[in-house]
Amino acid sequence: DTEVTQTPKHLVMGMTNKKSLKCEQHMGHRAMYWYKQKAKKPPELMFVYSYEKLSINESVPSRFSPECPNSSLLNLHLHALQPEDSALYLCASSREGTGNTIYFGEGSWLTVV
Amino acid sequence: SQQGEEDPQALSIQEGENATMNCSYKTSINNLQWYRQNSGRGLVHLILIRSNEREKHSGRLRVTLDTSKKSSSLLITASRAADTASYFCATPPGLSSGSARQLTFGSGTQLTVLP
């Protein structure tokens, strides 16, 4: 069982909607991540937060807006998405530093209609 | 960008057989990790092998790492139907990168174990 909890598990939204994906971990990890995964493809990194500060943005469009309210929570705010943004969005966390295991949540399935 | 390439892309075997998946990567690394993903689920960490290790075991899993060839293999022995999943290798950015936290995943191998 994963110790990274993501909600909702499934989300259907229109292109004009504003919604948010939420992620929570209580392992004391100070690095948190958002990955995007399309069907039959590997996960692709979107954002990395380190000590609640955004440290990496992999050139993600501004219609995706991450937020880290505290060391346990990570949100991904969605606005004006396109159908091609439909994918599995995975949250993950790890201890800071190199060579640490990254723990993934079960993901949020997003469908943009 | 994708760091690792895996082969085969798909592998189908009978229960009880061994399954071997290979991963090649491009830059120097300090560790390589293998993850498993059941269909439509999150990724589960299987094993991490450091650059100064050549082989590592965990239960029915055996991982090898050849840094001179920039390749790794994952062997699952005595496979079970429950092993059916996608398997990904993952590496941190190159050693010259300022940040080594995030992982880049290989293309993955879809393993099907037939009962």
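Every number in this text was worked out from the coordinates using simple rules, so none of it is lab data. From a predicted model like this one, the values you see are computed outputs, not experimental measurements. Cβ coordinates were reconstructed from backbone atoms using ideal geometry, including for glycine residues, and neighbour counts include every protein chain displayed.
Key figures
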{"read-out": "Residue list for segment B:22-49, restricted to those being at the interface with chain A (Cβ under 9 Å from one of its Cβ atoms) and among the hydrophobic types (A, V, I, L, M, F, W, C)", "value": "B:Leu43, B:Val44, B:Leu48"}
{"read-out": "Pair list, Cβ under 6 Å, 6 or more apart: segment A:42-63 residue facing chain B (nearest Cβ under 9 Å) and over 16 Å from A:Phe104 (Cα atoms), other residue part of a loop (DSSP other than H, G, I, E, B) and among the β-branched types (Val, Ile, Thr)", "value": "none"}
{"read-out": "Residue count for segment A:74-113, restricted to those that are within 7 Å of chain B (Cβ to nearest Cβ) and in contact with a Gly (Cβ under 6 Å, 6 or more places away or on another chain)", "value": "5"}
{"read-out": "Check on B:Lys70, touching a strand residue (DSSP E or B) at 6+ places or on another chain (Cβ under 8 Å), farther than 16 Å from B:Thr109 by Cα and touching a residue at least 40 places away in the same chain (Cβ under 8 Å)", "value": "yes"}
{"read-out": "Single unsatisfied condition, A:Ser71 versus (1) farther than 20 Å from A:Thr5 by Cα; (2) over 14 Å from the mean Cα position of the chain (by Cα); (3) more than 8 Å from chain B (Cβ to nearest Cβ)", "value": "(1)"}
{"read-out": "Residue in segment A:12-25 that is free of Cβ contacts under 8 Å to residues at least 24 places away in the same chain and exposed (fewer than 13 other Cβ atoms within 10 Å of the Cβ) present", "value": "no"}
{"read-out": "Selected residue [within 20 Å of B:Leu11 (Cα to Cα), in contact (Cβ under 8 Å) with a residue 60 or more places away in the chain and among the hydroxyl-bearing types (Ser, Thr, Tyr)] from B:Thr91, B:Thr109", "value": "B:Thr109"}
